[in-house]
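The values are calculated or read from the model by the stated rules, or taken from the named source; none is laboratory data. Keep in mind the model is a prediction, meaning the values are calculated, not measured. Quick reminder, even Gly has a Cβ in these numbers, built from the backbone with ideal geometry, and neighbours come from all protein chains shown.
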Amino acid sequence: MRLSEKKRDLLELVTREALYEAAVRILREEGWKGLTMEKLAQRAGVAKGTIYKYFESKGDVLFFVMKRNGGITAERLSEIREEVVNRRVSASKGLEEALEVAASGMYRNRHVIAAIGRAFEEDSSLMARKSHMCHQGEDHPLSVIRRCIRDIIAAGIEDGSLRPVDPDAAETIIHCTMMGLGRLFAIEGPETGVPSDQICGLLKTMVLQGLSAKDEKPEGVRG
């Protein structure tokens with residue numbers, strides 16, 4: 001009996017979710033070396049042959065996880081951007097929430113980020129694929145994330161809650177800082193000399209204090 005198109009789509013969605021969760025668990029618990037197609041199939045509860053319908057190699061699994069993680073952040077930041085643009089939330093509050101989402105996401109996924117860093121160290125071909133993946137157009141999660149933060153900053157400049165700076169330059173600085181945090185996790189591992197949650201909190205505070213207009217400070221920021 002053939003499945004209806006709706007049921008096939010649902011089955012594929014469930015399978016992809018199971019593969020994502022299984023891959024994240026393996027990367028978090030066992031790192032890049034611990035990730036194998038056999039283990040992924042076992043953890044996801046699917047046949048090994050099913051894995052190859054979605055991925056040709058471990059590298060494909062890695063980029064699937066990276067894009068999915070980015071997609072989760074991009075979806076939430078898009079919601080925050082809409083709230084700011086439609087004036088349901090102030091731009092300064094929206095920026096605070098956006099930074100919290102981005103920083104907490106990196107902290108939550110720090111073990112996976114460390115595993116991804118190891119993968120790039122051990123397989124140089126992955127770096128070229130990463131560069132290509134990050135330039136796949138405006139709909140790529142990274143592009144969406146950067147555009148949302150830029151638009152939130154621009155809205156704050158327009159309403160006077162943020163300093164009159166170049167929004168593109170401000171977003172670029174935030175992006176580079178976030179990438180530096182990710183690189184810290186990748187190089188030094190998930191547990192650095194300073195507690196990771198403290199690093200994320202300080203990063204958010206410094207950005208908010210630096211961009212906030214003098215007569216307005218974001219909620220939770222002192223000084």
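Count of region 1-30 residues, restricted to those that are part of a helix (DSSP H, G or I) and either at pLDDT below 90 or of a type in the set (Val, Ile, Thr) (or both), is 13.
Just one residue in the set Val24, Val46, Val14 is on the phi < 0 side of the Ramachandran plot, outside the structural domain of Ala102 (by TED's automatic domain parsing) and in contact (Cβ under 8 Å) with a residue 60 or more places away in the chain; that residue is Val24. In the set Glu29, Glu5, only one residue is of a type in the set (D, E, K, R), surrounded by fewer than 16 Cβ atoms within 10 Å (Cβ to Cβ) and under 14 Å from Ala115 (Cα atoms); that residue is Glu29. Determine, yes or no, whether Val65 is closer than 24 Å to Glu138 by Cβ and surrounded by 15 or more Cβ atoms within 10 Å (Cβ to Cβ). Considered against the rule, which asks whether it is closer than 24 Å to Glu138 by Cβ and surrounded by 15 or more Cβ atoms within 10 Å (Cβ to Cβ), Val65 comes out as yes.
Among helices (runs of 4 or more DSSP H) entirely within region 87-189, having at least 1 residues that are in contact (Cβ under 8 Å) with a residue 12 or more places away in the chain, among the hydroxyl-bearing types (Ser, Thr, Tyr) and in the same structural domain as Met206 (by TED's automatic domain parsing) singles out 91-108, 125-133, 167-188.
For beta carbons closer than 7 Å, sequence separation of 6+ or different chains, a first residue in region 199-218 that is among the polar types (S, T, N, Q) and a second that is at pLDDT below 85 and not in a helix (DSSP H, G or I), the qualifying pairs are Thr205/Val221; Gln209/Val221; Gln209/Gly223; Ser212/Pro218.
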